[in-house]
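Beneath this line is the structure, given in C-alpha cells, with notes to follow.
The values are calculated or read from the model by the stated rules, or taken from the named source; none is laboratory data. The shown structure was predicted, so the numbers you read here are calculated from the model rather than taken from an experiment. With ideal geometry, Cβ positions are generated from the backbone for all residues, glycine too; neighbour counts draw on all protein chains shown. Side chains are part of the model used for accessible areas, which takes the heavy atoms of the whole protein and leaves out ligands, DNA and RNA. Shrake-Rupley method; radii C 1.70, N 1.55, O 1.52, S 1.80 Å.
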Amino acid sequence: MKRSRIVGSGSYVPKMVLTNFDLESMVNTSDEWIIERTGIRERRIAGKDEAASDLAYEASQRALKSSGIKAKDIDLIILATTTPDMVFPSTACLLQDRLNAKKAVAFDVSAACSGFIYSLSVADQFIKEGIYKTALVVGSEVLSRITDWNDRATCILFGDGAGAVVLQASSDRRGIISVHLHSDGALKDLLYIPGGGSRNPASKKTIEKGLHYIKMRGNETFKVAVRKLEEVALEAINSNNLKPSDIDLFIPHQANLRIIQAIAKRLNLSMDKVLVNIDRYGNTSAASIPIALDEAVSEGRLKEGDLILMEAFGGGLTWASALLRW
Ligand code: UT7
C-alpha cells in the first residue's frame, strides 16, 4: 500500500523573546506560577510587520531546502492557522504567491491547535490516492494578535511561530501509517473567539468588549484535553496492533507541560521519549507540532524506521493523532 512520507521539514520563530519576567510587569502573575502551572519560560512574538504568511514562508523555504524539492514542483499547499493574514484570500494562497509555487492548489484548514494533524491527514489522502505527488503542509500562527494582554489566564500561554513539512509518496514502509481525527462542537464554548466573524462582526462594541480575543475556560479545557489525548493516542497505537512501548518519539501539541506529562504517564512512556519545547515557545497552536518535529530532525533525534506518535487538541473542540514510520 502506498504511503505518504515526510521528506523535509522546516520551522521559523520570530526573533523577539517575551519572558515570564516581562509578563510580570504586564499582568498580575509570576515566573514561578507560570513555570509550575504550564512549564513555559518564554515565548516568541512576531514583529509588527510579520503576519502568518511571513512566518509560513520562512518555515516553508527551510522545509523545501531540506527536502531538495523546488517550489515549482509543489502540487498542493495546505496551511493550518487560526490567525490568517486576512479573512480571505486564504493564507495558503498568499504563501503560494510568495513561494511562486505556480502549479499548487492552496487552501487553509481551520481546526485550531489540531490544524496541523488535520492538514496532514488531508494531504496524506491526496497523495495515497495518487492525485498529487508533492504536498507542503504548514502550521503558522501569530497568536500574539488575538491574545488579550490584560487577561493573565490566557496571555501567559501563547506564542508565535511556524513549521512546515514536505510530503511525497513513499515506496517503502516509511511514512504516515494512520491518522485519527475527532471533533465535538458541543464543547465550542470552552475555547473560542466570539468576535470578528459573521456572528459578531467587528464593530466599536466588539472591540470595546474584547470579543476578538481568545476566551478559554482553562481548567475545564485541561480536563477534557487529558482525557481525549489519552484516548486518541491509544486509538493510534491499538488500531495498528502496537504497544505504547513501541513508540520511539512522542510529539505532543505543546499546550501545557502538565498535560504532556499526564499523557506520558498514562501511556507509561518515559519523558526522554517525549519532545518538549513548550519552555521556549509556549503554545503556538497549529505550529507547535511541525516546529517540534523540525527540532527533533535538526537535533538528530530521529533515525530511519523510528515510530513517531503525534497528537493535538484544540478549539472546536478538535483532537487528533498521527502515527508515522520515519
Ligand atoms: O491548546 C489548546 C488547548 N489548551 C489547553 O489545553 C490549555 C488547558 N488549560 C491549562 O493549561 C490550564 O488550565 C491553565 C494553565 C490555563 C491554568 O492553570 P490551572 O491550574 O487550571 O489554574 P486555574 O485556572 O484553575 O486557576 C488557579 C488560580 C486562580 O486563582 P484562585 O481563583 O484559585 O484564587 C486563578 O485566578 O490561579 C489564578 N491564575 C493565575 N495566577 C497567577 C490564573 N492565571 C494566573 C496567572 N498568574 N497567569
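Tabulated data
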| read-out | value |
| --- | --- |
| Test for Asp22: is it buried (at least 17 other Cβ atoms within 10 Å of the Cβ) and of a type in the set (Asp, Glu) | no |
| Among (1) in contact (Cβ under 8 Å) with a residue 24 or more places away in the chain; (2) more than 16 Å from the ligand (Cβ to nearest atom); (3) farther than 30 Å from Arg44 by Cβ; (4) open to solvent by 40 Å² or more (accessible area, probe 1.4 Å), the one test that Gly185 misses | (2) |
| Given (1) away from the ligand (no atom under 16 Å from the Cβ); (2) in a strand (DSSP E or B); (3) within 28 Å of Ala46 (Cβ to Cβ), number of the condition Ile251 does not satisfy | (1) |
| Options Asp294, Asp279: the member that is within 27 Å of Leu143 (Cα to Cα), modelled with pLDDT of 95 or more, among the acidic types (Asp, Glu) and open to solvent by 30 Å² or more (accessible area, probe 1.4 Å) | Asp279 |
| Among (1) closer than 29 Å to Arg152 by Cβ; (2) in contact (Cβ under 8 Å) with a residue 24 or more places away in the chain - the single one Ser25 does not satisfy | (2) |
| Residue in the stretch 191-212 that is assigned to a helix (DSSP H, G or I) and in contact with a helix residue (DSSP H, G or I) (Cβ under 9 Å, 6 or more places away or on another chain) present | no |
| Test: residue in the stretch 265-272 that is at pLDDT 95 or above, closer than 23 Å to Gly175 by Cβ, outside any loop (DSSP other than H, G, I, E, B) and open to solvent by less than 40 Å² (accessible area, probe 1.4 Å) | no |
| Members of the stretch 213-248 found to be basic (Lys, Arg), part of a helix (DSSP H, G or I) and either over 23 Å from Ser121 (Cβ atoms) or away from the ligand (no atom under 13 Å from the Cβ) (or both), listed by number | Lys223 |
| Members of the stretch 262-286 found to be in contact with a strand residue (DSSP E or B) (Cβ under 9 Å, 6 or more places away or on another chain) and over 30 Å from Lys15 (Cβ atoms), listed by number | Ile263, Ala264, Leu267, Leu269, Lys273 |
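The rows are residues; the columns are (1) closer than 26 Å to Ile259 by Cα; (2) crowded, with 20+ Cβ neighbours inside 10 Å.
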site: Glu36; (1), (2): yes, no
site: Gly47; (1), (2): no, no
site: Ala59; (1), (2): no, yes
site: Gly68; (1), (2): no, no
site: Asp73; (1), (2): no, no
site: Pro84; (1), (2): no, yes
site: Thr91; (1), (2): no, yes
